[in-house]
Amino acid sequence: MKLALMQANSSVLDIEQNCAAIDRAAQRAAEAGAALLLTPELFPVGYAPLRVRAELDPETLPGIRRTLAGIAAARRIALVYSLPAVKADGQWQITATALDARGDELLSYAKVHLFGPEERKAFSPAEAAPAVVDLGGIKTSLAICYDVEFPETVRAAAAAGADLLLVPTALAHGFESVPQVLLRARALESQLTVAYANHSGDEDGCTFLGGSVIAGPDGELLAAAGPHPELLYAEVSAEAASQARDAVPYLRERRPDVYRAWEESGSEETGGAAKRS
């Protein structure tokens, strides 16, 4: 399957402009033969957590989702986007949604690890593990930005059967080691393809790194962006993940019971030391 990744500059709370940018990217990607387009974190509303929470009317969210579903259907391309969601109890979360090429929802995910004081003030963290769905014949899962910096998140997706992990992100300038080193390590250690779509340029006082990447299950870079708006492409497959797992069976040979015992032992020792002091 040919995967397209959109790296672009969003305009905070200019939803019409941002959705139009997604539409243009979807058209270009579809014309290039891509079956799936991945977009950055909160791109339709812009990445500005406090402004989004204070100024975005949550009643507009269903309409934005319908617009994005219409783009997927019109361009005949599967689409992954990220938006806020408001739970029944009033909590706001950052979510990602995967649509098929008819615009039907296949999978949703809510961000577990919130980064920085603004995100934590504006949103609540989720707890549900990444789920897996068949997308274009590839077992696919979702994570969001900071989530992927925790090996447990990616390993949970891989252990659930994912061969492809799609990650909308909003990474600021100065964190180059995340896409250049950490993402490749995550792909290698859990032996799945990781696609990481970032913003570029300045938004609401934040300068974004760009630097989006697609890393294969052997840790090799399949595609990498510079600092400016760009569409990346890469061929991804379930077979690549299977071959990597056959070559070095990390997933089959892991020992979760032993790791849990290590953690429990460490907690007991820490507690005992505290009591003795």
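Details
Residue-by-condition table, conditions (1) hydrophobic (A, V, I, L, M, F, W, C); (2) more than 19 Å from Leu83 (Cα to Cα):
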| site | (1), (2) |
| --- | --- |
| Phe115 | yes, no |
| Ala129 | yes, no |
| Lys139 | no, yes |
| Thr153 | no, yes |
| Thr169 | no, no |
| Leu192 | yes, yes |
| Ala197 | yes, no |
| Ser200 | no, no |
| Leu209 | yes, yes |
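- Checking each residue in segment 223-242 for being under 17 Å from Leu165 (Cα atoms) and either out of contact with any Asp or Glu (no Cβ under 7 Å at 6 or more places or on another chain) or of a type in the set (Phe, Trp, Tyr) (or both) picks out Ala223, Ala224, Leu232, Tyr233, Ala234, Glu235, Val236, Ser237, Glu239, Ala240, Ser242.
Every residue, every condition in (1) touching a helix residue (DSSP H, G or I) at 6+ places or on another chain (Cβ under 7 Å); (2) of a type in the set (Val, Ile, Thr), yes or no:
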{"position": "Val194", "(1), (2)": "yes, yes"}
{"position": "Gly205", "(1), (2)": "no, no"}
{"position": "Phe208", "(1), (2)": "no, no"}
{"position": "Ile214", "(1), (2)": "no, yes"}
{"position": "Leu251", "(1), (2)": "yes, no"}
{"position": "Arg255", "(1), (2)": "no, no"}
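- Test for Tyr146: is it within 24 Å of Ala234 (Cβ to Cβ), of a type in the set (Phe, Trp, Tyr), in contact with a Ser or Thr (Cβ under 9 Å, 6 or more places away or on another chain) and open to solvent by 20 Å² or more (accessible area, probe 1.4 Å): yes
- Among residues of segment 150-182, those that are of a type in the set (Gly, Ala, Ser) and buried (at least 24 other Cβ atoms within 10 Å of the Cβ), counted: 4
- Checklist (1) open to solvent by 30 Å² or more (accessible area, probe 1.4 Å); (2) outside any helix (DSSP H, G or I) applied to Ala185, failing item: (2)
- Residues in segment 75-103 that are touching a residue at least 40 places away in the same chain (Cβ under 8 Å) and open to solvent by 20 Å² or more (accessible area, probe 1.4 Å) were compared, and the one that is nearest to the chain's Cα centre (by Cα) is Ala101.
- The listed residue being touching a strand residue (DSSP E or B) at 6+ places or on another chain (Cβ under 8 Å), in a strand (DSSP E or B) and modelled with pLDDT of 95 or more, out of Ser141, Ser124: Ser141
- The residue that is nearest to Thr140 (Cα to Cα), counting only those in segment 31-53 that are of a type in the set (Gly, Ala, Ser) and buried (at least 20 other Cβ atoms within 10 Å of the Cβ), is Ala35.
- Ala215 being buried (at least 16 other Cβ atoms within 10 Å of the Cβ), in contact (Cβ under 8 Å) with a residue 60 or more places away in the chain and not β-branched (Val, Ile, Thr): no
- Here Gly136 passes the criteria (1) surrounded by fewer than 20 Cβ atoms within 10 Å (Cβ to Cβ); (2) within 21 Å of Thr193 (Cα to Cα); (3) modelled with pLDDT of 95 or more except the one numbered (3).
- Checked against (1) on the phi > 0 side of the Ramachandran plot; (2) without any contact (Cβ under 8 Å) to a residue 40 or more places away in the chain, Gly136 passes all but condition (2).
- Candidate set from segment 1-30 (those that are touching a residue at least 60 places away in the same chain (Cβ under 8 Å) and open to solvent by 20 Å² or more (accessible area, probe 1.4 Å)); member that is nearest to Ala238 (Cα to Cα): Met1
The values are calculated or read from the model by the stated rules, or taken from the named source; none is laboratory data. Computed from a predicted model, the values in this text were never measured in an experiment. All Cβ positions, glycine included, derive from the backbone under ideal geometry; neighbour counts span all protein chains shown. Accessible surface areas use protein heavy atoms only, side chains included; no ligands, DNA or RNA. Shrake-Rupley method; radii C 1.70, N 1.55, O 1.52, S 1.80 Å.
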